[in-house]
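Structure, as C-alpha cells:
The values are calculated or read from the model by the stated rules, or taken from the named source; none is laboratory data. These numbers come from a predicted model, not from an experiment. Every residue, glycine among them, receives a Cβ derived from its backbone with ideal geometry; neighbour counts consider all protein chains shown.
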Amino acid sequence: MEGKWQLKDREAERRLFARRMVVASAVVVFLFAALLLKLINLQVTQYDYFASRADGNRLHSQYVPPARGLIFDHSGELLADNQPIFNLSVVRERVDDIDATLELLSSLIRLESEDVEQFRERLKRRRVPFSSIPLRYVLTEQEKARVSVNAHRLPGISIEPQFVRSYPAGDLNAHAVGYVSEINREELDAFAEDVRENYGGTNHIGKTGIERTYEELLHGEVGYEVVEKNNRGQVMRRLERTDPIAGKNLTLFLENRLQLIATEALGEQRGAVVAIDPNTGGILAMVSKPGFDPNLFVTGISNADYSRLITDNVNTPLFDRTVNPYPPASTVKPFIGLGGLQHGFTDQDTVIQDPGYFRLPGVRYRWGDYTLRTAIGGGHGETNLQRAIFQSCDTFFYDLGYRMGIDTIHSFLGQFGFGQNFTLDVGYARTGVLPSREWKQATRNEPWYPGDTINSSIGQGYMWATPLQLATATAIAANKGVVVKPRMLAAVDGEPFEPQDLNPVADVQIDNPDNWRYIEESMTMVVHRPYSQVFRDYGTAYEAIARADREMSYKMAGKSGSAQVVSIAQDILQSEDIDVSDLNKDHALFVAYAPAQHPTIKPQIAVAVFVENGQHGSSVAGPVAKAVIDAYLLDILQIDFTSLATDPDALLSFDAGRAPQQSTDPAAGFLTLANAEHEGHVHD
Amino acid sequence: MKAPSNRDFVRQSNVSFSQPHRLRSFWQVVHVDPILLAGLLALCGFGLFVLNSATAGDTEVVTRQAGTMGIGLFVMCVVAQFDIQFYRRWAPTVYVVALSILGLVLVIGVEKNGAKSWLDLPGLPSFQPSELLKFIVPMLLAWYLASRALPPNLKHVFWAGVFTLFPAALIVLQNDMGTALMVTMSGIFVLLLAGLRWRFVFAGIAAAVIASPAWYLFLAQPHQKNRILTFFDPYRDPTGAGYNIIQSQIAIGSGGVYGKGYGNGAQSHLDFIPESNTDFILAVLAEEFGLIGVLVLITLYLFVIMRGARIALGASDMFGRLLAGSITLTFFLYLFVNMAMVSGLLPVIGLPLPLISRGGTAVVTLFIGFGLLMSIQTHSANKSPR
C-alpha cells in the first residue's frame, strides 16, 4: 500500500486479522443485543397488547340468531314457517378489493345491480367487525357449486345457510299474518341498546300484521358463541356458546280454511271479510282482496315486483281493506233501531207511514227512500222498526235518527266500537268515524246540522266504519250486549293467551231484554223472511241467502248495506284502462251472525263482508258471508243442526200470522220476482 | 489468543509435538470438528422440532428437511476431507466456472418465487447456483488477498470489488436481490477482515448512505419501496404489505417470556403467519417457546459463530483465516437479517433462518460452508504453512 517495497509481514497481518475479528465480534454482540432488546420489547413490554391482538385475531364473538317462532292457524295449520336457504355472504374485512370481487362474482352468478346496491347499503350500517353481510339470498344449487369451485379466488366470500320465513299459504293471509323483511336502519336506530343487541344476529323483522304486532314474542333471544377462526375466516373451533332462545310459536284464532273460503267467495272482486267468534272475540277470518305474496318481501322484493304492487291504484294489493273505513250504510240500522228502543224514541209496535221520503218540519228538501229510485215507486207504507230493518226502510230511520239526535246516536253506537279501535292486538286498525258535534267542530270547524243526523242514521254522511268494526259490532249484537274485543292471538307455545285489556269496555246495557230478541228477530228476517203477497214484506237478503239454499239448517241474522261511493281519486278517473262507471258503483256490505234464534246454541260467528263497488249488499256480499258461516259452523265446528232436537216451527214463531210459507205459488212468485228484480237488488 | 500464537510458534519451530488427546486425533483423522458438529446438530435438531410445529406435524416435510440436513452433513464431511490448500489452488478455476454457470442460468434458468435463479438440469435436483457464490466469492477474494500484502491497497481493493460485484450483478439480473446482497457482503467481509483501511470503510458507508436515497428514488422497484415504507409503518397497509410483519409481531409478542407451548401457537396454526415454515419460522418459535426459546436459538447460533471465529483465528494461513472469517460472518449476517426482519428491526428481505427454515439448496450450501470451516480447522494443524 505504501509502495512496492512492502513485504508481507505474516505476524502483523495475523494480528491485523485478529483485531478485525475482535471488531467483528463486537459488532455481532452489539447486533444480537439490539435484537434481544427488540424481542424483549415485543415479548415482555408489549406482551399484553400482542396477546390480546392474537386473541382478537383468532377469537370472534358472534351472535347466534334465534329461530323465529312459527305461526299456526287455530286448527294447527302452519301459516308462517322457517325454511333453510343459502345466502352468499361477505366478510368485508377479508376482501382486499371489493369491486374486483363483486365483478368476479357477477360473472359466476346472477348478481343484480339491486343486490349490490342493497349490499353496499348494509356495509354502511353499524356492525360487528368480521361479521358476514348478506350479498345475495337464495342461491341455487348450481350457483352454490360455482362459488365453491372458485372459492380460492374469493377470499371473504362464503355460503351461509340461514332460516328465513316462508308463508306456505302465499297471499291468503298476506295482510292478517303480515310478513317479515330485512331490518332497515331506522328500525335499528329506533331500538333501545339492549334490543339492538338482541337483534345482533337477526336480519329480518316483522313489518306488518301479526309478524309486526308480536315481533317481540316471535323473535326470541339471541345467543352468542366464541369461535376460533383461522386466517381465512373459517371457523376452526367453537369455544363457548350461549344458546339462543327460540321465538314463541303463536297460534291464532284465524282459520286458514275460512280464509280460503272467504277468498274464493269474493272471487275476482276487491273486498274484505272479517269473521269473529262472539264467544272469545277471536278473529276467525280476516281477508283483504286482492292480496299479495308475502314471500316476495322476505329476501328483499325486487324493484319490479314492488312497483307492480304499489302502482296498482285500483286493486291496491298492499292495502288492507279489513281495517280501512267505508260508509257502513244500512248495516248500522239494527244498532240505531236498538238505540231508539232503548232510549224510548220508538217501540216494537210504533208504525210510521212511509211515503218514500222524509221531510223535516218546515223544510222543503226531501230525504228519499231508496225505493224512490225503483220502477215501482217509493214507499213502504205502514212500517214498524222490524220491517224497517228487514226491508231496510230509510224513511223510518231518517225519522228515528232525527228524533234521537246525534248525541244519542253517538253515545249508543260508541258502545259497539264504532269510531274506536276495540281490538286487543290489531293496533294498526283504523278507527273510522262515529260523528258527533265535537268531532265536526274539531275537524271541519262547522256546527252540526240536523241533516247530518239524518244522513248518519242510515250510515252515510260522516259515518265511517271498517269491516273489522262492523264485525265487532255484529259480534256484540250476537252476544246481546256482551262486549268481546277482537283479537288475533289465541295461544303462545300451546298455552292459551290471556291478553291484557288496558281499556276495558262496559257491556251494552239494554233495559228491556226483549228488545235484543226483537232486533235479532228483525235481523233474522233480513235473511229468512220469504216473499209473500204483501207488498215489500220480504227480507232483503232472502233471495240471495235463504232462498238460494233451501237446505239451510240454521238461522242467520244479518243486515245488508250499499254504501255510496263518495270519492274516487282524480288520477283513477282519468285512467283509460278502467271503466270508471265500475268505480262509481256502490260498495256492497253485509253483516251477519249465526246461529240466530237457536234455543240451545249461542251465536258462534259474526261476519262482516265488504265488496268494493259490489253494488248490492244482499246479493253480492251476502253469499260471501253465507259461505264463510257455512264453512265455520258446518265444516269446522261441525254442528249438525238437522239432528238437533229442535222444532223448526218454533224457530219460525216470530213469523206467525205473516204468511209463513215460502212462496212456491207461481202467481205469488211473479209478484215476488218483480219485487226482487226491481227493488230487492237495487238497495238494501 | 494464546493457543494460536503458540501453534504458530510450533509450526514455525518445525518441531513435532504429540497430540494431547487421542480423541482429538480421531477427529483430526476424519476431518470433522466435533465442537462445530455438536453445535450444528443441536441447531438442526431444534430446527426440525420447530418445523414440525410450524408445518402442523406434516411428517413428510419434516422428514424431507431431515433428509436434506443429512445430505448437508454428508456434503460437509466430503468438503472437509479436502485440504484447504486444495481449495486455495482451485479457487480461481471454481470462480470462473461459477460465473459461467451464473451466465448459463440467465439463459436457461427457471423462475421460482419471482427469481430466475434456479437451474433445473435433468438428473439433478434443481438448485440455485447463486447460493454457492456466498463462499466462492470469499474463497476467490481470500485467494487474491492472502497472497498480497495486507491491508490491501487501493488497486487490490478495486479488483476485490470487481470480483465481488460482478457475480453479484449477475445475481441481481436474476432478480434475486437477497442473495446478491449476501454475496456482496461475503466479499466485503473478506475485505474487512483483511484489514481494509477504516477510511475506505467509512467512505464506503458514507457512499452507501448518500447513494441509498438515489437508489430509492430511481432504481428501487415498487415492491422494494413498499417493503421499506412498510418497515417504517406496518399499519399503512395492514392487510396487504404490512400484514406479514404485523402478524409475525403479534405472534412473537403474544409468545411472551415462556411461550404458548409446543404446538399451541395459535397465530401459526390458524395460518395468520405467512411463510410460517420458511422465512417467518422465527415467529412460530417465538410464539410457542417465548423469549426463552429465542434465547436458546441465539445461544446455539452464538456457539456456532464463536466456533467459526475460533477456527478463523486458529487457521494456519491468511487464506484460511479470511475464508473462515467470511463464512462465519456471512452465516451471522444471514441469521441476523432474518431475525431482525421477522421481529421488525429491518425491512422484509426474503432470507430464511439458517438451519431452522425449511429449504433445500440453502441448507446444503450452509453445510458446504461449514465443511470448509472444518477443512480449515482439521487440515491446518497437519500442514505447515506455505
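Specify the residue that is surrounded by the fewest Cβ atoms within 10 Å (Cβ to Cβ); the eligible residues are those in segment B:229-245 that are more than 19 Å from B:Gln267 (Cβ to Cβ) and either more than 12 Å from chain A (Cβ to nearest Cβ) or of a type in the set (Val, Ile, Thr) (or both).
Residues of segment B:229-245 more than 19 Å from B:Gln267 (Cβ to Cβ): B:229, B:231-233, B:236-237.
Checking which are either more than 12 Å from chain A (Cβ to nearest Cβ) or of a type in the set (Val, Ile, Thr) (or both) leaves us with B:229, B:231-233, B:236.
Working: B:Leu229: 16, B:Phe231: 18, B:Phe232: 8, B:Asp233: 10, B:Arg236: 12.
Only one residue fits best here, namely B:Phe232.
Residue by residue through segment A:336-364, note down the ones that are farther than 15 Å from A:Gln386 by Cβ and touching a residue at least 12 places away in the same chain (Cβ under 8 Å). Please lay out each step first, then the result.
Let us first name the residues in segment A:336-364 that are farther than 15 Å from A:Gln386 by Cβ, namely A:339, A:342-345, A:353, A:355-364.
Once the filter is applied, which keeps residues that are farther than 15 Å from A:Gln386 by Cβ and touching a residue at least 12 places away in the same chain (Cβ under 8 Å), segment A:336-364 yields A:Gly339, A:Gln342, A:His343, A:Phe345, A:Gln353, A:Pro355, A:Gly356, A:Tyr357, A:Phe358, A:Leu360.
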* Structure fact -> A careful count of residues in segment B:358-371 that are in a loop (DSSP other than H, G, I, E, B) and surrounded by fewer than 24 Cβ atoms within 10 Å (Cβ to Cβ) gives 2
* From the list B:Leu73, B:Leu102, B:Leu119, B:Leu51, which residue is surrounded by 17 or more Cβ atoms within 10 Å (Cβ to Cβ), touching a helix residue (DSSP H, G or I) at 6+ places or on another chain (Cβ under 7 Å) and without any contact (Cβ under 8 Å) to a residue 24 or more places away in the chain? -> B:Leu119
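When the residues of segment A:35-82 are filtered to those that are more than 30 Å from A:Leu172 (Cα to Cα) and of a type in the set (Gly, Ala, Ser), which remaining residue is surrounded by the most Cβ atoms within 10 Å (Cβ to Cβ)? Reasoning before the result, please.
Looking only at segment A:35-82, we keep the residues that are more than 30 Å from A:Leu172 (Cα to Cα), and these are A:35-64.
So of that shortlist, the ones also of a type in the set (Gly, Ala, Ser) come out as A:51-52, A:54, A:56, A:61.
Numbers: A:Ala51: 17, A:Ser52: 14, A:Ala54: 23, A:Gly56: 12, A:Ser61: 13.
Across segment A:35-82, the extreme among qualifying residues is A:Ala54.
Can you tell me which residue in segment A:246-291 is nearest to A:Leu637 (Cα to Cα), limited to those that are basic (Lys, Arg) and not in a loop (DSSP other than H, G, I, E, B)? Before you say what the answer is, go through the steps one by one.
Keep residues of segment A:246-291 that are basic (Lys, Arg), which gives A:248, A:257, A:270, A:289.
Pick out the ones that are also not in a loop (DSSP other than H, G, I, E, B) and you get A:257, A:289.
On the way: A:Arg257: 12, A:Lys289: 25 Å.
It comes out as A:Arg257.
Could you grab me the full set of residues in segment A:317-352 that are outside any loop (DSSP other than H, G, I, E, B) and over 15 Å from A:Met404 (Cα atoms)? Lay out the reasoning, then the answer.
First, the residues of segment A:317-352 that are outside any loop (DSSP other than H, G, I, E, B): A:321-323, A:326, A:329-342, A:352.
Matches in segment A:317-352: A:Arg321, A:Thr322, A:Val323, A:Tyr326, A:Ala329, A:Ser330, A:Thr331, A:Ile352.
Take A:Arg20 and tell me if it is surrounded by 17 or more Cβ atoms within 10 Å (Cβ to Cβ) and within 14 Å of another protein chain (Cβ to nearest Cβ).
Numbers: surrounded by 17 or more Cβ atoms within 10 Å (Cβ to Cβ): yes; within 14 Å of another protein chain (Cβ to nearest Cβ): yes.
Considered against the rule, which asks whether it is surrounded by 17 or more Cβ atoms within 10 Å (Cβ to Cβ) and within 14 Å of another protein chain (Cβ to nearest Cβ), A:Arg20 comes out as yes.
Output the helices (runs of 4 or more DSSP H) that fall wholly within segment A:43-148 and possess 1 or more residues being within 14 Å of chain B (Cβ to nearest Cβ), charged (D, E, K, R) and touching a residue at least 24 places away in the same chain (Cβ under 8 Å), or say none. Give the derivation first.
Numbers: elements: A:47-58, A:98-108, A:113-124.
Output list reads A:47-58.
Residue-wise test of (1) modelled with pLDDT of 85 or more; (2) touching a Phe, Trp or Tyr at 6+ places or on another chain (Cβ under 8 Å).
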position	(1), (2)
A:Arg19	yes, no
A:Arg53	yes, no
A:Ser61	no, yes
A:Gly76	yes, no
A:Asp81	yes, yes
A:Asp96	no, no
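Within segment B:318-329, is even one residue more than 12 Å from chain A (Cβ to nearest Cβ), crowded, with 22+ Cβ neighbours inside 10 Å, under 17 Å from B:Ala142 (Cα atoms) and at pLDDT 90 or above?
Within segment B:318-329 (the criterion being more than 12 Å from chain A (Cβ to nearest Cβ), crowded, with 22+ Cβ neighbours inside 10 Å, under 17 Å from B:Ala142 (Cα atoms) and at pLDDT 90 or above), the answer is yes, since at least one residue qualifies.
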* Asked: From the residues in segment A:386-419 that are out of contact with any helix residue (DSSP H, G or I) (no Cβ under 7 Å at 6 or more places or on another chain) and either not in a helix (DSSP H, G or I) or not assigned by TED's automatic domain parsing to the domain that holds A:Tyr542 (or both), which one is surrounded by the most Cβ atoms within 10 Å (Cβ to Cβ)?
  -> A:Gln391
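Of B:Ala312, B:Ala286, which residue is over 16 Å from the mean Cα position of the chain (by Cα) and at the interface with chain A (Cβ under 9 Å from one of its Cβ atoms)?
Unique residue meeting the criteria: B:Ala286.
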* Say we look at segment A:490-536 and pick out the residues that are modelled with pLDDT under 90 and buried (at least 17 other Cβ atoms within 10 Å of the Cβ); which of these is nearest to A:Gly281 (Cα to Cα)? -> A:Arg536
* Taking A:Leu217 and the conditions (1) modelled with pLDDT of 90 or more; (2) more than 25 Å from A:Phe497 (Cα to Cα), which numbered condition does it fall short on, given that it satisfies the others? -> (2)
* Structure fact -> Only one of (1) outside any loop (DSSP other than H, G, I, E, B); (2) more than 10 Å from chain A (Cβ to nearest Cβ); (3) modelled with pLDDT under 85 does not apply to B:Glu275, and that is (1)
* **Residue within segment B:205-225 that is modelled with pLDDT under 85 and in contact with a strand residue (DSSP E or B) (Cβ under 9 Å, 6 or more places away or on another chain) present** => no
